[in-house]
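Colleague: Sharing a structure, written as structure tokens. Questions coming.
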């Protein structure tokens, strides 16, 4: 039986690998080679990119998946096709070069910067909110993968932010999981240093960090180091969003505690059908991954409530992602929530995804019926576990239950 289970595990892992390989098929090399764009209706996203990767000599590749000496900073501008030609949440890769700006993402400029010029870029690109959004990508990402995905998120969310990408050495191969994992450790100091520089910039009002998959480990580790060195996480770092975090739940609990009481507000995107995290779980000793837990069951429900962590459960949400690992960026609903509320650190409840009003209506209807049970079972593509809202809602249900009991007592004369 053990041998059979092992064969099934290997077969599942192989199938997952084939799916991931097919997702990258047909992409040309060198998409970061700048070209002019004359098409009307296109939009441009200007991104500041910091990396610990080794520079590449291949034109249009810029940086490889190998580890470099020190950090490099580059300003990259990406052209996005007209909205009539693309779906929100999708990166439209060119099938050949030069790319067609009417249909494809196109790189229009690449400008290497010195660290001294980074604050100048920030000052020019900060909006009214004076907010910086830092994105840290996940496992199996090439340099261009991270650049184009982040440009898509910034464009589709319409967030008022200065976009800063931190990309670490990933070989862009499903067979390089351990190398990528060690590369996140290699990059901790550089990410910590970058975050500290952003927080100290007088022009920056606040910083939101969004990390995906294995990038979540790197992000929380960098923040943990900062808290240990400085006594706390920099006050300007107010919000941390972890999407499909490839993090051992026990390790995250320790990291979170190390951040201290004056830590940023955390939001998690989880999905129990995340196939990439299922493979990671097998590789990592069968310990639950943070991005795959059910926030409504114990011990997670109580722990999230005590920590004040908001969890968005995307299990029922369907996108074109066959691995169910990138729903946060590919779902139009989620991208809208990112831009309207989450990046700004605003509270998000079920009402934002069309559930809250139904919860209230059903609970009220149950309470108005003598002897009725004030319970709800509603299915929604996105459910929100917000500790504050849940406590408030539970208190309302208790009050409604008391009212029901009083009504029953009066009606029966008991």
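Only the coordinates and a few stated rules stand behind these numbers; no lab work does. All of these numbers come straight from a predicted model, not from anything done at the bench. As a convention, Cβ positions derive from the backbone with ideal geometry for all residues, glycine included, and neighbour counts pool all protein chains shown.
Colleague: If neighbour count is taken as other Cβ atoms inside 10 Å, put 37, 31 in order from fewest to most. Mind showing how you got there, number by number?
Modeller: Working: 37 18, 31 24.
Ascending number of Cβ neighbours within 10 Å: 37, 31.
Colleague: I'd like the FRET efficiency for residue 307 and residue 103, computed as 1/(1 + (r/R0)^6) with the beta carbon distance as r and R0 of 45 Å, rounded to 0.05. Don't jump to the answer; show the numbers that get you there.
Modeller: Values: r = 44 Å, r/R0 = 0.99.
Result of the calculation: an efficiency of 0.50.
Colleague: What ranking do 277, 122, 113 get, fewest neighbouring Cβ atoms within 10 angstrom at the top?
Modeller: Numbers: 277 27, 122 19, 113 16.
Ascending Cβ contact count within 10 Å gives the list 113, 122, 277.
Colleague: What's the exposure ranking of 210, 226, going from fewest to most Cβ atoms within 10 Å?
Modeller: Working: 210 27, 226 22.
By the 10 Å Cβ count, ascending, the order reads 226, 210.
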